[in-house]
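Working notes, structure below.
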Amino acid sequence: MTAVESSMEGLPPVIADVPGQEHASAFLARAVQHPRHAYLFTGPEGSGKRLAMRAVAAALLCPDGGCGDCRACRLALGERHSNMLVLEPTGPDILVGRDAGDPNTARWLAGQAYLTPMEPGRKVLVVLQADRLRIEAADVLLKVLEEPPLDTVFVLLSARPDDLPDTIRSRCQEISFPPLSEEFVVESLVREGLDPGRARLACRLAGGNMGRARRLARDDDALAFRDVALEAAATAGQGPPGALAAAEQLTAAAKDFRGRLGEELAAELRPFLDERGKPEEAFRGVVRRLEEQHERRVRRAEREFLDWSLLALAAYWRDLVAASSGGGDDVLINLDRPGALGAERGAVSAVTAAIAMGAVEQARADLADETNLNARLILERLFLRLSSLAGHAV
Ligand SMILES: [Zn+2]
């Protein structure tokens, strides 16, 4: 038995399965014994908050406190238990809603909080990306948190807890999920049968985000966005017309990605459909839920692709900074292509590379702000900036 396994002894099985977060797990195991009304899980994307939320829901809804095997556990771990409701932004924000009948809004969740659960026992009400609650929506939620219904546990998740109103935060017990360590992510991927070198590259490109690292490591096409990004940067290096062409290249690639993803998701639904393309009776609920999820993913697809591409560009410049400050190849993010830096090494000063990296990070932040709808403009601005830096390369 390893040290980690022995420290996991006595934990409900579902909680012991939460990866890489021993500290939070130990805390949660105690919490589910005597749950409070509301918890706030904080930590960056990919640190395991959502897995932990599912485990907590299973522990609270399972007759055996989270065995991991029974029907209640399986449903809760799949976010499909009828006593478990998940509210998440369908657009940029979580809205207050017209009334309790307006699905996926704060009023809907608040209404559900006071209803008798579908099955006897507790209810678990979840808010994903809780920092996206509009002010009016947060007020509605706050009222429920101030007069918590019996046997209802709220779990709020947020990567940006500072954007949450203090009134909400003070009503929740906060549990933090620090980023997973590189060693943990790499070891997990290797245990899943992936090549160690590929796993480390994926982990670094994903900035430690486990889910993203897994996708990058598994899918051979997943690294394509990096090639597109580096190609676009090279085009931008040819001057201002090149910069505009680079923005065009990247937007077109993002649109392609969105199209491919749409087709893939449609193929996933096919087994549940009859010959006329209508859901079979027994699968109607599942199909509706999948369709909603797919719609959201497709809507986010272009932004996501652009974010991956920009992350790859930032990594490229970061590697140049590292290389020109005399770091060895092992400090690189793009571990698989130290040679690709060869020509640029020495040709670009560390200062220039750092400025370029900053410009890319700024563009990522602008894109992440979803109220900012003009992605094309953000990219043009970025590539014009990069092309002007190329003039000072030496
Ligand atoms: Zn169970």
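Coordinate-derived values only; no laboratory data. Note that this is a predicted model, so its numbers are computed, not measured. Here Cβ is always computed from backbone atoms with ideal geometry, including for glycine, and neighbour counts include all displayed protein chains.
The aspartates and glutamates within cross-link reach of LYS49, meaning a Cα-to-Cα straight distance under 18 Å and a gap of 8 or more places when in the same chain, are ASP17, GLU22, GLU79, GLU88, ASP131, ASP162, ASP163, GLU174, GLU182. Charge tally around GLU192: other residues with Cβ under 9 Å, Lys/Arg +1 each, Asp/Glu -1 each, net +3. Each Lys or Arg adds one and each Asp or Glu subtracts one; over the other residues with Cβ under 12 Å from the Cβ of LEU128, this totals +1. Think of it as helices only: each DSSP H run of n ≥ 4 in the chain is worth -39500 (n - 2.57), and spread over all residues that comes to -17000 deg cm²/dmol at 222 nm.
Among GLU275, GLU174, GLU295, which one moves the most in a GNM of the chain with springs linking Cα atoms closer than 10 Å? Maximum fluctuation in the GNM of the chain, among the listed residues, is at GLU275.
Expressed to the nearest 5 percent, the antiparallel share of DSSP beta bridges inside the chain is 5 percent.
Of the trypsin sites (Lys or Arg not before Pro) in region 242-319, the ones in a loop by DSSP (not H, G, I, E or B) with at most 11 other beta carbons within 10 Å are ARG276. Between region 246-287 and region 153-178, the alpha-carbon centres lie 34 Å apart.
Across the chain, the relative contact order, built from alpha-carbon pairs under 8 Å that are at least six residues apart, equals 14 percent. Under 5 Å between amide hydrogens, built in the peptide plane, is the criterion, and for MET84 it picks out VAL124 among residues at least 5 positions away or on other chains.
Restricting region 84-190 to trypsin sites (Lys or Arg not before Pro) that sit in a DSSP loop and have at most 14 other Cβ atoms within 10 Å of their own Cβ leaves ARG98. Neighbours of LEU141 by Cβ distance under 11 Å: Lys/Arg scored +1, Asp/Glu scored -1, total +1.
Comparing SER158, SER309, SER324 in a Gaussian network model of the chain where C-alpha atoms under 10 Å apart are linked, the largest mean-square fluctuation is found at SER324.
The alpha carbon gyration tensor of region 148-195 gives principal lengths a ≥ b ≥ c with a/c of 1.5 or higher and a/b greater than b/c, which makes the shape prolate.
Where a ≥ b ≥ c are the square roots of the eigenvalues of the C-alpha gyration tensor, would you call region 21-89 rounded, which needs a/c under 1.5, or, failing that, prolate if a/b is larger than b/c, or oblate? It comes out oblate by the Cα gyration axes. Shape of the chain from its Cα gyration tensor (a ≥ b ≥ c, root eigenvalues): rounded if a/c is under 1.5, otherwise prolate when a/b > b/c, or oblate? Prolate is the answer for the chain, as a/c is 1.5 or above and a/b outweighs b/c. Under 5 Å from the amide H of ILE175 lie the amide H atoms of LEU40, PHE41, THR42, each residue being 5 or more positions distant or on a separate chain, with H modelled from the backbone and absent for Pro and chain starts.
Between ALA224, ALA16, ALA247, the residue with the greatest mean-square fluctuation in the GNM of the chain (Cα pairs under 10 Å linked by springs) is ALA224. Amide H contacts under 5 Å for VAL155: TYR39, LEU125, VAL126, VAL127, restricted to partners 5 or more places along the chain or on a different chain, H placed in the peptide plane at 1.01 Å from N.
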